[in-house]
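Only one structure is covered here, and it is reproduced in the block below.
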Amino acid sequence: MAADEPLVLGIETSCDETGVGIVHGTTLLADAVASSVDTHARYGGVVPEIASRAHLEAMVPTIERALKTAGVSAKDLDGIAVTAGPGLAGALLVGVSAAKAYAYALGKPLYGVNHLASHICVDQLEHGKLPEPTMALLVSGGHSSLLLSADITSDVRPMGATIDDAAGEAFDKIARVLDLGFPGGPVIDRLAREGDPRAIAFPRGLSGAKDPAYDFSFSGLKTAVARWIEAKKAAGEEVPVRDVAASFQEAVVDVLTRKAVRACKDEGVDHLMIGGGVAANSRLRALAQERCERAGIRLRVPRPGLCTDNGAMVAALGAEMVARNRAASDLELSADSSLPVTDPHVPGAHAHGHSHDHSHDHVHEVSKENLYS
Amino acid sequence: MDTATPAVTVALHDGEAVVASSGQVDARRHGELLLPAVDRVLAEAGLKLDAVTGVVVGVGPGPYTGLRVGLVTAAAFSSALGVPVHGLCTLDGLAYASGIEEPFAVATDARRKEVYWARYADSRTRVTDAAVDRPADIAEALAGLPVVGAGARLYPGAFPDARDPEHQSAAALAALAAERLAAGDGGAGSGGFLDPLPMYLRRPDAQVPKNYKVVTPK
Ligand SMILES: [Zn+2]
């Protein structure tokens, strides 16, 4: 690693993982994570207030653990990056407040960065510099987006997104219908390996000729699977769990990979990266590999540990901000639950001579209740 | 500093007196306001943060989101600078600032038509643990007592003898902490400091919101 590469600490608290990563340029030095996922499991989803409480408890110990693992002193950092959004407002606020306090106490520049852009940038830690442009498919319990990254620090364009459930949510919901617990992704992946993906022809959402080319819909699929299971039960027959899992999973990854490859072809982009928790799905990886090869597209998928939410991805993007001389954030930096994907980072109000105001609601639908409950 | 109530307040105390302080009342912008306030207070005193030998933080009780801003900031300062953090009950700051030297109570707004409250023998001595209740349910127990804080003003029917101050000030919190540090009373227990951990007094709402994590851009 080059001596002039920036040493950056990244903090991620947008959902239920308290993540702190430290990178030196594109080299990962530490990736500490404390998760409250087990606490949420019995509710079948992430409870915002429980996540926020867990972040507060874990925040500083996780930062200290990351520094220790990396073997660096906080004084040597070139910057501190933090997820400014999108995510759960109360959860984001814990990370943003901690990042500001560390940056201020240490006299280091602060970079509020976009969670989605971080998911893309993390691949640099695995496969080296990200080619630009790169098409990115982000799939998790919170995201299903197709993004075109022309410059990961300044130009990320939304191509398409889910119009209802996120891909990971669909896995969770089907796992619930099949009584497989939460989260649903890993267990469905495992059972699907022993099932027949062609056993049941579940619908492929938004795949008609007149449908939006790059948007996704998983709500109809979820209903179709639930109805199919109910019908089996009503007929007094046993539900072939493995075949249902395999056929459902095939319907999801078929649409995801088909649309991602089409977007690459349409835009003339020859690199596709897949990130987010669902990128750990073995069938998604295999089918994406197969279709990319056929289309002459280079596929980049980070290892599963870097696909889920973590601090390393935030540090990776922060390091890129430092390397490309992007303006730092200021001490007024807000946690913005609906930060648009088109803002890879949140420069300070005076950085560009204009104030950073977007027209969207700063208080997210989900977090309104949580803000002062 | 204290962010457990609608006030975002920061003060610098040199062991003898408050050197500089800041107080802003804005229940929805704790995250944005706290660090700039720290910076202003230090600038006014002509000092840098590394001159600070200890951090005092109000641990609540208070509505969760704002409360966490002060606590995580204090913990981060402590970690980055290697200085101790002392927790104080937020209500104790209001009690100390009132200067009342007879039995009284402090009540702050807990939202949901409730107040966070505690009883005091005098401005330095809390005699009950902080609790959260509906004003009508404690009005009888506190009848005849002066009540300090925003909770009293919000519910004049239950607390007719409202007293100042209405809002928390870090200056009072710092002065109280300086007194206790000078007295060598730094240990745990009613007279000393609390661990810098949040005093929520309520269990989290354990409901998964519908479409809980759909944060993808439209
Ligand atoms: Zn994510």
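The values are calculated or read from the model by the stated rules, or taken from the named source; none is laboratory data. These numbers come from a predicted model, not from an experiment. Don't worry about glycine lacking a Cβ; one is built from the backbone with ideal geometry, like all the others, and counts go over all protein chains shown. Side chains included, ligands, DNA and RNA excluded: accessible areas come from the protein's heavy atoms. Shrake-Rupley method; radii C 1.70, N 1.55, O 1.52, S 1.80 Å.
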Restricting attention to the range A:107-123, does a residue exist that is within 9 Å of chain B (Cβ to nearest Cβ) and surrounded by fewer than 24 Cβ atoms within 10 Å (Cβ to Cβ)?
yes
Could you figure out which of (1) of a type in the set (Val, Ile, Thr); (2) more than 23 Å from A:Ile63 (Cβ to Cβ); (3) open to solvent by 20 Å² or more (accessible area, probe 1.4 Å); (4) over 15 Å from the mean Cα position of the chain (by Cα) isn't true of B:Val52?
(2)
Yes or no: the range A:195-217 includes at least one residue that is over 27 Å from A:Gly296 (Cα atoms) and assigned to a helix (DSSP H, G or I).
no
For the range A:232-249, state whether one or more residues are open to solvent by less than 10 Å² (accessible area, probe 1.4 Å) and of a type in the set (Phe, Trp, Tyr).
yes
For the list (1) small (Gly, Ala, Ser); (2) in a helix (DSSP H, G or I); (3) in contact (Cβ under 8 Å) with a residue 24 or more places away in the chain, I need the number of the one condition that B:Gly87 fails.
(2)
Residue among B:Val41, B:Val72 that is within 13 Å of chain A (Cβ to nearest Cβ), out of contact with any Cys (no Cβ under 6 Å at 6 or more places or on another chain) and within 14 Å of B:Ala171 (Cβ to Cβ)
B:Val41
Flagged in the range A:31-58 as buried (at least 22 other Cβ atoms within 10 Å of the Cβ) and away from the ligand (no atom under 16 Å from the Cβ), in numbering order, are A:Ala32, A:Val47, A:Glu49, A:Ser52, A:Ala54, A:Leu56, A:Ala58
Conditions (1) within 21 Å of A:Ser145 (Cβ to Cβ); (2) within 25 Å of the chain's Cα centre (by Cα) -> A:Ala295 fails only (2)
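Let's see how each residue does on (1) out of contact with any helix residue (DSSP H, G or I) (no Cβ under 7 Å at 6 or more places or on another chain); (2) polar (S, T, N, Q); (3) assigned to a helix (DSSP H, G or I); (4) open to solvent by 10 Å² or more (accessible area, probe 1.4 Å):
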position	(1), (2), (3), (4)
B:Gly62	no, no, no, no
B:Val72	no, no, yes, no
B:Ala75	no, no, yes, yes
B:Ser78	yes, yes, yes, yes
B:Leu91	yes, no, yes, no
B:Ala107	no, no, no, no
Selection within the range B:46-63 - within 18 Å of B:Val115 (Cβ to Cβ) and free of Cβ contacts under 8 Å to residues at least 60 places away in the same chain:
B:Pro63
Can you report the number of residues in the range A:11-30 which are within 18 Å of A:Gly90 (Cα to Cα) and either away from the ligand (no atom under 16 Å from the Cβ) or not polar (S, T, N, Q) (or both)?
7
A:Glu132 vs (1) open to solvent by less than 30 Å² (accessible area, probe 1.4 Å); (2) acidic (Asp, Glu); (3) more than 16 Å from the ligand (Cβ to nearest atom): all pass except (1)
Would you be able to tell me the number of residues in the range A:143-164 that are within 14 Å of the ligand (Cβ to nearest atom) and within 18 Å of A:Gly205 (Cα to Cα)?
5
With the requirement that a residue be more than 15 Å from the ligand (Cβ to nearest atom), among the charged types (D, E, K, R) and either within 13 Å of another protein chain (Cβ to nearest Cβ) or part of a strand (DSSP E or B) (or both), what does the range A:166-185 give you?
A:Lys173, A:Arg176
Just checking, does the range B:64-82 include any residue being more than 16 Å from A:Tyr102 (Cβ to Cβ), of a type outside the set (S, T, N, Q) and free of Cβ contacts under 8 Å to residues at least 60 places away in the same chain?
no
Condition first: within 20 Å of B:Ala37 (Cα to Cα), buried (at least 21 other Cβ atoms within 10 Å of the Cβ) and of a type in the set (A, V, I, L, M, F, W, C). Now tell me which residues in the range A:329-347 satisfy that.
A:Leu333, A:Ala335
